[in-house]
1. Give the value in nm², to one decimal: projected area of the alpha carbon convex hull of region B:108-261, averaged over all directions.
2. To the nearest 20 Debye, how big is the dipole of chain A about its Cα centre, given +1 on the beta carbon of each Lys and Arg and -1 on that of each Asp and Glu?
3. For a label point 7 Å from the Cα of B:Asn218 along Cα→C-beta, name the residues of region B:263-295 whose backbone N is under 19 Å from it.
4. How much length would be gained if the chain were fully extended between B:Lys112 and B:Asn316, taking 0.36 nm per residue of separation minus their Cα-Cα distance, in nm to one decimal?
5. Please go through the residue pairs B:Lys203/B:Lys229; B:Lys54/B:Lys112; B:Lys54/B:Lys148; B:Lys112/B:Lys291; A:Lys68/B:Lys148; B:Lys262/B:Lys291 and name each one whose alpha carbons sit more than 25 Å apart in this structure.
6. List the residues, sorted by chain then number, that are 5 or more residues from A:Val47 or on another chain and whose placed amide H is less than 5 Å from its amide H.
7. For region B:52-110, what does the convex hull of the Cα positions come to per residue, in cubic angstrom?
8. Say we join alpha carbon atoms closer than 10 Å with springs in a Gaussian network model of chain B; which of B:His279, B:His188, B:His125 then has the biggest fluctuation?
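Since every read-out is calculated from the coordinates, none of them should be taken as a lab result. This one's a predicted model, so the numbers in the text were calculated from it and none came from an experiment. Please note: Cβ atoms are built from the backbone with ideal geometry, for glycine as well, and neighbour counts cover all protein chains shown.
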Amino acid sequence: MATMTSTSDSAQRVQTIRLIDEIGADLSGRTLGDTVRATVDPSVSEVVFDCEGLGSMSPSFADEVFGKLAQESQRPAIRIVNATPDILALIRFAVQERSAS
Amino acid sequence: MAVDPGDADVLHVVVPERVTFGTVGTVLEQLEPSLRSAEANEPCRLVLDMRAVKFCSPTGITLLAAAMEDLYRRGLLAEGAIRIPNRQFVLQYLERMNFFKELEVNLPTKLKPRKKSKKLHPVTHIRDEGEVASVVRGLVETLRPEAKLDERARGTLVSCVSEVVENVFYHAGSPIDALVCAQANSQHRRAELVIADTGRGIKEALTGVEAYRGQIDNDCAAIRLALEKNVTNTGDPHRGIGLWVVSEVIRSNGGELLILSKEGGVRIGPNGDMNVFDHFWPGTLVVIEFKTDQPIDTVAVYGSAEFPNYGDDDLNF
């Protein structure tokens, strides 16, 4: 999984995960989602998921990555960028589903 | 192939003229004796008589291929024979759809080669979860030109079909894994995607969850329950989204959804109405038929999720 960790001016470390680079444009399945979630570096202050170029994301993948991350109490801040309206709506949905409990 | 059709012990499956989404019940009635004997692990002798077939849709092809393959794989087809369709164009179509290849049938005459069709995806096996993404992508790409799918529709379909196929590997334990097939028809402005397995069925999968036991006294009830949000056999109340999303997407498109599972069947019609019926299928079969001249997307389905507003383009949590 290709990720990039950078340091900002305020010395806060940011990890960027460009989903398309290593996985491809269509993201599906809990196994793959579990792999992606495992790449999140808990020591950084923020993780940016760059969704540029993605064609589709399945609900189970979204739940496995974003829904489960939302449930974790000790985790970096998560930012989603460059997502299509459908993918953004799905990720919102997955996060809300897990956050509601 | 040495079956004597006059033998009283030989099961005769007379395939009707039209094997389509709309005539699934008739086909299943014909297949039922052989499917029942397989369910009871009893070897059977079978003649699949397709001589009268004039038209076969992806639903019919997948259903017949999956049923026959289930018998082969489980060693229950003691003897079998196929009587091929009389009509040349039906033969050619079935060959293009990999039907005879799936059943390992050698045709007596060589058919004229035809150009590869750009609007149909032949019957294809998906053997494990790792193959799901590439096969489903290919399936939807095949439909794309004929169904005029834009990026949004393409993404929605890949997402929906992936969910259904993944269910086979997560929950079904199917001897034939998953069989998929698809075709678009621009004349009727419709496209059909089929996913079949011969696994344990929805009811048995859900029976392990105590909370559902009182609600699923038959297979139709189990299918209807599985179409609700957050119904899952995993014990995780946040899972169980897949079939619910598929049904909501198809309802908003005005398409149709058919789910057969063991003794039950549920069909969501173009007006969103739900009908149940009781034909037997030795696993789960899902048919998604969508209108190609109507939008197909998920925003409305997921739009109910309220979320702190951090702007339209990004999301933070």
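1. Over all viewing directions, region B:108-261 projects a mean Cα-hull area of 11.3 nm².
2. 260 debye
3. From region B:263-295, the list is B:263-269, B:274-285.
4. 67.6 nm
5. B:Lys54/B:Lys148; B:Lys112/B:Lys291; A:Lys68/B:Lys148; B:Lys262/B:Lys291
6. Residues meeting the criterion, in which the H sits 1.01 Å from N, are A:Gln15, A:Ala77, A:Ile78, A:Arg79.
7. 83 Å³
8. Of B:His279, B:His188, B:His125, the most mobile in the Gaussian network model is B:His188.
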